[in-house]
Amino acid sequence: MRLHLKTPIVFFDLEATGTSITQDRIIEIAMVKVMPNQEIIRKSNLINPTIPIPLESSLIHGIYDKDVQDKPTFKDVAREYARFLEGADLAGFSILKFDVPLLVEEFLRAGVDFDYSRKRIIDTQKIFHLMEKRTLAAAYKFYLNKELQDSHTAEADAEASMEILAAQVEKYNGAIVTDTLGRKIGEITNDMEVLSRLSLSNLVDLAGRMCLNDKGEEIFNFGKHRNKKVAAILKEEPAYYDWIMNGDFSLDTKRKLTEIKLRAFGK
């Protein structure tokens, strides 16, 4: 179906050095502009972020420091991208949480005025989640083809969860589970140890403040030390441990951090 457009709409996606809006930088930008007459115009660039690309990020998107060292910075191309977006709406998958905020941040850093408030913004992930519900009742209907009665009562929800897991194991038994790059991370089996590892994935603490990198090393997953090894930061900046322990972090996060510290330094 052709999109009914009164103004151009630009579908875009970004790759970045990480996931922090304030600390990370764009390393690749791709835009596809659809005009009201259905003409399609494409524009893309690799971008020199001016900061190192963490290995953990490169392993995901396949872009390394050497790939961007001779490329323009975002400031070099900011005005031409602003012109490309002029008079156009924005669209993409999961762009509201990261891509749009990072793009706006980069424009501001480059001193280019970009008023997104006057644009329509369409997030296809949002529509996906609105139409394909990810609720317990939706899962119950999908796996068991039954309507969930007394939803939101603890007993009914617990019973439904039990039935759903049994149905999932039956449906997916033996199926390979892959990550976003198609790499095998496990296999669905009727084994609770296996299913637990898949559920927790690479989390170190339940709040997700720390996780495991591809080498199985504990790294921070937030703030100024995102993607850096926990033990290394505790050694280089001991006060960071005290800041977390005295801050608004979960007791589980503090406990896991203390375990890492004791394991690394013995005190």
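Annotations for the structure displayed:
- Cα-based shape type of segment 26-78, given that a ≥ b ≥ c are square roots of the gyration tensor eigenvalues and the cut on a/c is 1.5: prolate
- Overall, segment 210-265 carries a charge dipole of about 100 debye about its Cα centre when +1 sits on the Cβ of Lys and Arg and -1 on the Cβ of Asp and Glu, all other atoms neutral.
- Applying both filters, DSSP loop and at most 15 other Cβ atoms within 10 Å, to the trypsin sites (Lys or Arg not before Pro) of segment 120-192 gives 120, 133, 134, 146, 183.
- Overall form of segment 59-144 per C-alpha gyration tensor (a/c, 1.5; a/b vs b/c): oblate
- Here 199, 161 are placed in order of increasing Cβ neighbour count within 10 Å, fewest first, which gives 199, 161.
- From helices alone, the chain scores -12000 deg cm²/dmol at 222 nm; the rule is -39500 (n - 2.57) for each run of n ≥ 4 DSSP H residues, then divide by the residue total.
- Cα-centre dipole for segment 136-200 with unit charges at Cβ (Lys and Arg positive, Asp and Glu negative), debye to 20: 400 debye
- Qualifying lysines (Cα of each under 24 Å from Cα of residue 256; at least 8 residues distant if same chain): 215, 224, 228, 229, 235, 267
- Among beta bridges identified by DSSP and lying wholly in the chain, the antiparallel ones come to about 75 percent.
- Global form of the chain, assessed from the alpha-carbon gyration tensor, a/c cut-off 1.5: oblate
- Assuming charge only on the beta carbon of Lys and Arg (+1) and of Asp and Glu (-1), the dipole of the chain about its Cα centre is about 600 debye to the nearest 20.
- Most positive-pole-ward Cα, 232, 9, 84, against dipole of the chain from beta carbon charges: 84
Just so you know, all these numbers are worked out from the coordinates, no wet-lab data involved. Remember, it's a predicted structure, so these values are computed and weren't measured experimentally. So basically every Cβ, Gly included, is an ideal-geometry build from the backbone, and we count neighbours across all protein chains shown.
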